[in-house]
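Input: a single structure, listed below in structure tokens.
The values are calculated or read from the model by the stated rules, or taken from the named source; none is laboratory data. Just so it is clear, the structure is predicted and the values come from calculations on it, not from any experiment. All Cβ positions, even for glycine, are placed from backbone atoms using ideal geometry, and neighbour counts span all protein chains on display. Protein only, heavy atoms only, side chains kept; ligands, DNA and RNA dropped before computing areas. Shrake-Rupley method; radii C 1.70, N 1.55, O 1.52, S 1.80 Å.
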Amino acid sequence: SPTNNWSVMNPLKVNNTSFAFAEGNLDISSSQTGTNPAMTSTFAVSTGKWYWEVYIRAQGNGSNIVGIASHPNDLENQSYAGFSQNWMYGYTAGGQKRNNNSGVSYGDTWTTGDIIGVALDLDAGAVYFYKNGTIQNSGTAAYTSLSGLFSAYNLVYAGGAQVLNFGQDDSFAGNKTSGSAADSDSEGLGTFFHSVPSGYKALCASNLPEPTISPNAAEQADD
């Protein structure tokens, strides 16, 4: 009975079996070149402000993506991983934002050793991306008018490798050994390499709404 549970990447929500999972499903990599292997996270949210980080252990292809996906979606049936679908909103290694078969210049390119931050504000319906602690596109949201249920989304192929931190480990499984801000979220939870934007929370169970029946509920069910 853990006191808190953190999001990881979901090996059941993938479109390709070429992924290699490590570090408790936080380290994901693929050498696949024929299609675009992608996956989503175990946690999905519809309200609130959420932040997580992705360490680029290996860039791989310039079209590799850090982003978000809305639910429901048909990722498992997408050989190109929703790359051209309207339910995926991403920031590519080539510096573009990507959605619905459209790539538009957005921010800096990223490569091996960079850390990409995702700030998802579902109260305002917007998503922002950071590179090494600096917000991209001069602070203008990558996408707006977002509504519904969203999770983390990562597309990794052609030798790419990414390590996620939803607040569990600001060293990214030992890949970063110095320079961390060791910052927590607005609730004092988690440990992040870069400073967390004001008001944003980690994707963990303690930050989700309390279930009606739970150890912390004032009344317990009779049955």
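Observations
- Local electrostatic count at ALA142 - Lys and Arg +1, Asp and Glu -1, tallied over other residues with Cβ under 10 Å: +2
- Dipole of region 47-137, positive direction: furthest Cα of ALA119, TYR80, ASN61, with charges on the beta-carbon: ASN61
- With DNA, RNA and ligands ignored, accessible area of SER31 (1.4 Å probe; Å², nearest 10): 100 Å²
- Neighbourhood charge, 13 Å Cβ-Cβ cut-off, centred on HIS194 and excluding it, Lys, Arg +1 and Asp, Glu -1: -3
- With 0.36 nm allotted per residue and the present C-alpha distance subtracted, the ALA205-ASN4 stretch has 71.8 nm of extension available.
- Net charge over other residues, Cβ less than 14 angstrom from the Cβ of LEU26 (K, R count +1; D, E count -1): -3
- Put simply, region 124-192 fits an ellipsoid with semi-axes of 23, 18, 14 Å; these come from the alpha carbon gyration tensor as the roots of five times its eigenvalues, largest first.
- Accessible surface ranking that places the most exposed of PHE172, PHE83 first, with a 1.4 angstrom probe: PHE83, PHE172
- Taking LEU146, LEU208 and ordering them by how much accessible surface each has at a 1.4 Å probe, largest first, produces LEU208, LEU146.
- Dimensions (Å) - region 1-131, Cα atoms, principal axes, largest first: 41, 34, 31
- Placing R0 at 22 angstrom, the Cβ-Cβ distance between ALA58 and ASP108 gives a FRET efficiency of 0.75 after rounding to 0.05.
- Ranking VAL104, VAL156 from most to least accessible surface, computed with a 1.4 Å probe over the protein chains only, gives VAL104, VAL156.
- Comparing region 95-223 with the 2.2 N^0.38 Å rule of thumb, its C-alpha radius of gyration ratio is 1.24 (two decimals).
- In region 32-89, the convex hull through the Cα atoms has an average projected area of 4.8 nm², a quarter of its surface area.
- Value of D in µm² per second that Stokes-Einstein yields for region 76-152, Kirkwood Rh from Cα pairs, at 25 °C (0.890 mPa s): 188 µm²/s
- Label-point separation in nm, THR47 to ALA20, each point 7 Å along Cα→Cβ: 4.3 nm
- Estimated translational D of the chain in µm²/s (Stokes, Kirkwood radius over Cα pairs; 20 °C; 1.002 mPa s): 123 µm²/s
- Each Cα pair under 8 Å and six or more residues apart adds its separation to the average, and for the chain the resulting relative contact order is 26 percent.
- Calculated FRET efficiency, ASN175 to ILE213, Cβ-Cβ distance, R0 = 41 Å: about 0.55 to the nearest 0.05.
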